[in-house]
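Taking it in order: structure first as structure tokens, then the write-up.
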Amino acid sequence: MKLEYLELGKVQNTHGVRGELRVEPWCDTPELFDCVETVFLKKDGGEPYRIVSWRPHKHLVLLTLQGVGDVDTAARLKNRVLYVRREDIADTLPEGRHFIAEMLGCEVRDADDETIVYGTLTDIYNRGANNIWEIKKDGKEYLMPDIPGIVVSVDIEKEVALVRPIPGIFDTAEDVR
């Protein structure tokens, strides 16, 4: 399902005394912050803050927001998730790629026999060379690599992902029907 607002990262702490924030970015590259003028503290677009500046710092982003000019104001934002309008970053997404937040909840089905449902995509982990999908069904958890040939297609509108898993990832086809 396409979301109007997507998670951009989480405020970990303050940095210095002038209101700068230490943000853990939840995006492929911190350069995505170049495309964003405003972040929101609520997933419905509430509590907007205009970005004054940002810079990479180790694995974090140091972010300055308009109206946050001292450590006390910045401290109130600790542990808050930052959201961005999808339309502000939609052009940054390469063809055939999807935002992770929009993929979560997709029903994972067999690409050759769509009556076989492997479960629901519940999380995606980045573990180096490729992402790993966490799929749950009936209290069981399965991990599957997100690589060409295994992941055939993802349809955000229909909330369905079609896959051709390698043997051993899931129970037999009879068990998952």
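The values are calculated or read from the model by the stated rules, or taken from the named source; none is laboratory data. No experiment lies behind these values; they were computed from the predicted model shown. Glycine gets a Cβ as well: all are built from the backbone with ideal geometry, and neighbour counts include every protein chain shown. The protein model used for the area step is the full one, side chains on, heavy atoms only, and it has no ligands, DNA or RNA in it. Shrake-Rupley method; radii C 1.70, N 1.55, O 1.52, S 1.80 Å.
For segment 44-51, the criterion of being more than 26 Å from residue 160 (Cα to Cα), of a type in the set (A, V, I, L, M) and either touching a His at 6+ places or on another chain (Cβ under 7 Å) or touching a residue at least 60 places away in the same chain (Cβ under 8 Å) (or both) is met by no residue. Does segment 62-74 contain at least one residue that is charged (D, E, K, R), open to solvent by less than 40 Å² (accessible area, probe 1.4 Å) and in contact (Cβ under 8 Å) with a residue 24 or more places away in the chain? No, because not a single residue in segment 62-74 is charged (D, E, K, R), open to solvent by less than 40 Å² (accessible area, probe 1.4 Å) and in contact (Cβ under 8 Å) with a residue 24 or more places away in the chain.
Selection within segment 35-52: residues that are open to solvent by 50 Å² or more (accessible area, probe 1.4 Å) and more than 18 Å from the chain's Cα centre (by Cα). The member of this set that is farthest from residue 13 (Cα to Cα) is 37. Among the residues of segment 94-110, those that are modelled with pLDDT under 95 and surrounded by 14 or more Cβ atoms within 10 Å (Cβ to Cβ) comprise 98, 99, 100, 101, 102, 103, 104.
(1) in contact (Cβ under 8 Å) with a residue 12 or more places away in the chain; (2) out of contact with any Lys or Arg (no Cβ under 8 Å at 6 or more places or on another chain); (3) of a type outside the set (Val, Ile, Thr); (4) open to solvent by 50 Å² or more (accessible area, probe 1.4 Å): which one isn't true of residue 31, the others all being true? Just one mismatch for residue 31, condition (1).
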